[in-house]
1. Looking at (1) surrounded by fewer than 18 Cβ atoms within 10 Å (Cβ to Cβ); (2) modelled with pLDDT under 95, which one does residue 57 not meet, given that it meets all the others?
2. Taking the condition under 18 Å from the mean Cα position of the chain (by Cα) and more than 16 Å from ligand 2 (Cβ to nearest atom), does residue 35 pass?
3. Across the stretch 3-22, which residue is farthest from ligand 1 (Cβ to nearest atom) among those that are part of a loop (DSSP other than H, G, I, E, B) and more than 13 Å from the chain's Cα centre (by Cα)?
4. Hey, residue 40 hits all of (1) within 16 Å of ligand 2 (Cβ to nearest atom); (2) in a helix (DSSP H, G or I); (3) in contact with a strand residue (DSSP E or B) (Cβ under 6 Å, 6 or more places away or on another chain) but one; which does it fall short on?
5. Say whether the condition of being in contact with a strand residue (DSSP E or B) (Cβ under 6 Å, 6 or more places away or on another chain), touching a residue at least 24 places away in the same chain (Cβ under 8 Å) and assigned to a loop (DSSP other than H, G, I, E, B) is met by at least one residue in the stretch 63-84.
6. Output the number of residues of the stretch 98-120 satisfying the condition of being in contact with a strand residue (DSSP E or B) (Cβ under 8 Å, 6 or more places away or on another chain), more than 17 Å from residue 162 (Cα to Cα) and within 13 Å of ligand 1 (Cβ to nearest atom).
7. Limited to the stretch 223-271, what total is found for residues that are in contact (Cβ under 8 Å) with a residue 60 or more places away in the chain, under 20 Å from residue 153 (Cβ atoms) and not in a loop (DSSP other than H, G, I, E, B)?
8. Can you find a residue that is within 16 Å of ligand 1 (Cβ to nearest atom) and touching a strand residue (DSSP E or B) at 6+ places or on another chain (Cβ under 9 Å) anywhere in the stretch 123-135?
Ligand code: NCD
Ligand code: ZN
């Protein structure tokens, strides 16, 4: 009989992929990330993207102002790459720790990526500089060619863009963000984890594309890269359950107002901050791999980013936790979280 674990204490985790947005939404969502995580890597795809040091400093102070002082939470910032990004900007930003990494959004690939990169050749000098200074490149890995089937865009990205990029810049540190496929797992595993690692989200671990169409269309399971099939889901679950250090926690929590999720054209993104950590624990338990929970949540990420591992710990207990149904934003708007109103098996000990 396997031992039944009812309580687990781990080093406080970090979330290496977080969208906090700005203004009213920022104020409402920040506490959820602050409660569970010590540090979070903040994505720069605001309506007006964070493309330079000045904007980043300003945005970071807004985040800290919005934060409840109860949590000692550290936002780590990223720079949004455009064809106009100057290597000098990254050099200064990285040396002063204004930026921890830079994010490559292929043009029009996801939320607020209209000024993303159409062709890697536009940013060759930037990539040369990043390789030289050891600044990580974070990639939304999907091809943007509309002729490529949406379910194949991540695999094609590896073949057509990532592999040539890595051949050209073998010492560039890269994170392939929110991987979704079996091919990605296999590709990442073959690499040196110091140079290529990947984040995995709770929703890609818990769901596959069938769930997105279960009983009708489920806008709250729509994100990019879109959920893939069951085989892919299993490959992701096995990847984290194997304790492999290439993989670490990046929830891709991405709040959108309800009215924008259920619009004629609904936005991509899943707001999972209220439950992300509890979802990961649940999956690790289902996979009988709780012994690797801490390395995935708290160690592999800092190792990749050359940062100290957190000193604090948190304790998770096996007791039912109901996810909040909605968050009010202003008078008339709400945000609905991932698994709203559902019960999870684990909660955090206060
Ligand atoms: C993210 C967002 O809304 O900012 N959406 C998503 O579906 N994941 C952007 C992203 O990470 O692609
Ligand atoms: Zn994201």
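The values are calculated or read from the model by the stated rules, or taken from the named source; none is laboratory data. Small disclaimer: the values here were computed from a predicted structure and weren't measured. Don't worry about glycine lacking a Cβ; one is built from the backbone with ideal geometry, like all the others, and counts go over all protein chains shown.
1. Result: residue 57 fails condition (2) only.
2. Considered against the rule, which asks whether it is under 18 Å from the mean Cα position of the chain (by Cα) and more than 16 Å from ligand 2 (Cβ to nearest atom), residue 35 comes out as yes.
3. Result: 3.
4. (2)
5. Within the stretch 63-84 (the criterion being in contact with a strand residue (DSSP E or B) (Cβ under 6 Å, 6 or more places away or on another chain), touching a residue at least 24 places away in the same chain (Cβ under 8 Å) and assigned to a loop (DSSP other than H, G, I, E, B)), the answer is yes, since at least one residue qualifies.
6. Of the residues in that region, 1 qualify.
7. Number of matching residues: 1.
8. no
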